[in-house]
Amino acid sequence: IDLARKIRETNQTTSIIFITGVSDYIAEGYDVNAAHYLLKPVDKNKLFTVIERILSSVNKEEKSIIV
């Protein structure tokens, strides 16, 4: 959450997906405009669906780094 807040200080468009085994911070994920919050164990199909949704909204003309 702290890293996401730091990212949001300088960039509002970066997509953030939280993958964690703890649901305690889901509400805070909304505070940093997270694209999604996945709980472990992560369902592979759900992860790919979330990633595909994000990639479909990426402006192909802008520089992007996918991690």
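Given a 1.4 Å probe and every protein chain left where it sits, what share in percent of the accessible area of the chain is carbon and sulfur? Don't jump to the answer; show the numbers that get you there.
Working: 2960 of 5520 Å².
The nonpolar share, carbon plus sulfur, comes to 54 percent.
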- In what order, largest first, do 13, 49 sit by accessible area if the probe radius is 1.4 Å? 13, 49
- Item | Choice from 56, 23, 15 showing the highest fluctuation, given a GNM over the chain with Cα pairs closer than 10 Å | 56
- Query: What are the lysines whose alpha-carbon lies under 22 Å from the alpha-carbon of residue 63, with same-chain residues fewer than 8 places away excluded?
  - Reply: 6
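Let me know the shape class of the chain, please: from the alpha-carbon gyration tensor, a ≥ b ≥ c as square roots of the eigenvalues, rounded when a/c is under 1.5, otherwise prolate if a/b is greater than b/c, or oblate. Kindly include the intermediate steps, with their values, before the conclusion.
Details: a/c = 2.48, a/b = 1.16, b/c = 2.13.
Taking the square roots of the gyration eigenvalues as a ≥ b ≥ c, the chain is oblate.
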- Two pseudo-spin positions, 7 Å from Cα along C-beta at residue 58 and at residue 2, lie apart in nanometres by 2.9
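Hey, what's the chain come to in accessible area per residue, 1.4 Å probe, Å²? Write down the numbers at each step before the final one.
Details: 5520 Å² over 67 residues.
Counting only protein heavy atoms, the per-residue value for the chain is 82 Å².
The values are calculated or read from the model by the stated rules, or taken from the named source; none is laboratory data. Everything numeric in this text was worked out from a predicted model, so none of it was measured. FYI the Cβ positions are ideal-geometry reconstructions off the backbone, even for glycines, and counts take in every protein chain you see. Heads up: the accessible areas ignore ligands, DNA and RNA and are worked out on the full protein's heavy atoms, side chains in. Shrake-Rupley method; radii C 1.70, N 1.55, O 1.52, S 1.80 Å.
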